[in-house]
Amino acid sequence: MLSQFFAVLFSVLVLATPQPTPTPTTYNYKVYIPIHYVYRDPEKGVGLTYGNCEDTVNVGAGWAYRWSPWGASECEGLVEWVPQIHRMDWCNIVVKSPSQFVMGLNEPDLTSQGNATPLQGAMCQRQIELNYPNKKIVSHSPSDNDPQWLERSRNAYIDLYGHPPRWDALGAHTYQRVDEAKATLLWFVDKAKEWGIPEVWVTEYATMPCRYASVEESLQAGRDLTAWIRANPTITKFAWYAARLQPGDGWPGECITPLADYDTGSLTIWGDMYRDQ
């Protein structure tokens, strides 16, 4: 009887003893979140005809402008926005911009664009210098019809003020076939060296299919010219013309080379080419 009592007591004590809590099984996981990143090249730019800043990002460009002193709010934080004093009646305009640069007149040698004599260009340049004492200035950008307009305007400035204009870069345009385009751009490079100016910006260029035997030939010309521009150490920035275009936007429809479709924003064959350069 006594043995049965102790057996029951032992059973009760065993059952009453707290049992250790099992340690839960833990697992360590590494979660990888894919990130889509587009490199934004600080040398490569885009002329934004309609202000669609996503076109700049989609081709991997790091800067943009819109032939205007005023910025595009949709570009803030995405790319460097460079203001331009496009025409004579804007020479007195002062705008704030995070870019360290401001650009001068656009194709002042053409009546349909900046439309200024070399003397007027010199006077506008002086006003830009006074308005933007802390910014670097890209010169007026003449068309490839008359690059020498820039030299005549520089001479006019010296005659007026007794010293050369404050240019930190020369602006150049070309829509010529590749060999002619290289010759034009080398003229600007040589003048930059002669005048002690460290940079040349090619702010408009394209290899238009209406000047080649086929679209493919003009695409290859675009690749070749862009590679040549990149290889020249004096040319520090370049911008294809243009982001989006419609027939009648300055050139016949068979000549235009838009980077993106006007309606959808999808990259065109020109956009694909420029993105890959």
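Points worth noting:
- Near-label residues of segment 73-92 by backbone N, under 12 Å of a point 7 Å along Cα→Cβ of ARG40: 74-82
- For segment 58-66, the Karplus equation 6.51 cos²θ - 1.76 cosθ + 1.60, evaluated at θ = phi - 60°, returns couplings of 5, 9, x, 8, x, 8, 7, 8, 9 Hz by residue, with Gly and Pro reported as x.
- Annotation: extensible slack from ASP159 through GLU76 equals 25.9 nm (criterion: 0.36 nm per residue apart, minus Cα-Cα distance).
- Of (1) 1.23; (2) 1.00; (3) 1.67, the label for Cα Rg over 2.2 N^0.38 Å derived from the coordinates: (3)
- Distance between the pseudo-spin-label points of ARG126 and ASP276 (7 Å out from Cα toward the beta carbon): 5.1 nm.
- HN-Hα J in Hz across segment 162-179 - Karplus 6.51, -1.76, 1.60, θ = phi - 60°, x for Gly and Pro: x, 7, x, x, 8, 10, 9, 7, 9, x, 9, 10, 7, 10, 7, 4, 3, 4
- Residue-span extension gain [THR264 to TYR50] - 0.36 nm each, minus C-alpha spacing: 75.7 nm
- Those lysines that a straight Cα-Cα span of less than 20 Å connects to LYS136, excepting residues fewer than 8 apart in one chain: LYS44, LYS96, LYS191, LYS193, LYS237
- Degrees separating the helix 149-161 axis from the principal Cα axis of the chain, which is the longest one: 80 degrees
- Using a cutoff of 8 angstrom between alpha carbon atoms and counting only pairs six or more residues apart, the relative contact order for segment 153-237 works out to 29 percent.
- Mean Cα-pair separation over length for the chain, i.e. relative contact order, pairs under 8 Å, 6 or more apart, %: 15 percent
- Additional length obtainable on full extension of the chain from SER112 to TRP228, 0.36 nm per residue less Cα span: 38.8 nm
- Protection proxy ranking for 39-50, 167-178, using the average of other Cβ atoms within 10 Å per residue and placing the highest first: 167-178, 39-50.
- Between the beta carbons of ASN92 and ASN145, assuming R0 = 30 Å, the FRET efficiency works out to 0.65 to the nearest 0.05.
- Pairwise FRET efficiency - LEU119 versus GLU217, Cβ, R0 = 35 Å, nearest 0.05: 0.25
- Options GLY250, SER68, ALA213, ranked by Cα towards positive dipole end of the chain, top entry (Cβ charges): SER68
- Working note: 222 nm ellipticity from helices only, DSSP H runs with n ≥ 4, each -39,500 (n - 2.57), summed and divided by the residues of the chain, gives -10500 deg cm²/dmol to the nearest 500.
- Protection proxy ranking, peptides 57-64, 228-235, 157-164, average beta carbon neighbours within 10 Å, highest first: 57-64, 228-235, 157-164
- Peptide ranges 242-254, 203-215 listed from the most packed, as the mean C-beta count within 10 angstrom indicates: 203-215, 242-254
- Dipole moment magnitude, nearest 20 debye, segment 140-219 about Cα centre, only Lys, Arg, Asp, Glu C-beta charged: 180 debye
A short reminder: the numbers here are calculations on the coordinates, not readings from a lab. Bear in mind that the values here come from a model prediction, so they are computed numbers and not experimental data. Every residue, glycine as well, gets a Cβ built from its backbone with ideal geometry; the counts of neighbours run over all protein chains shown.
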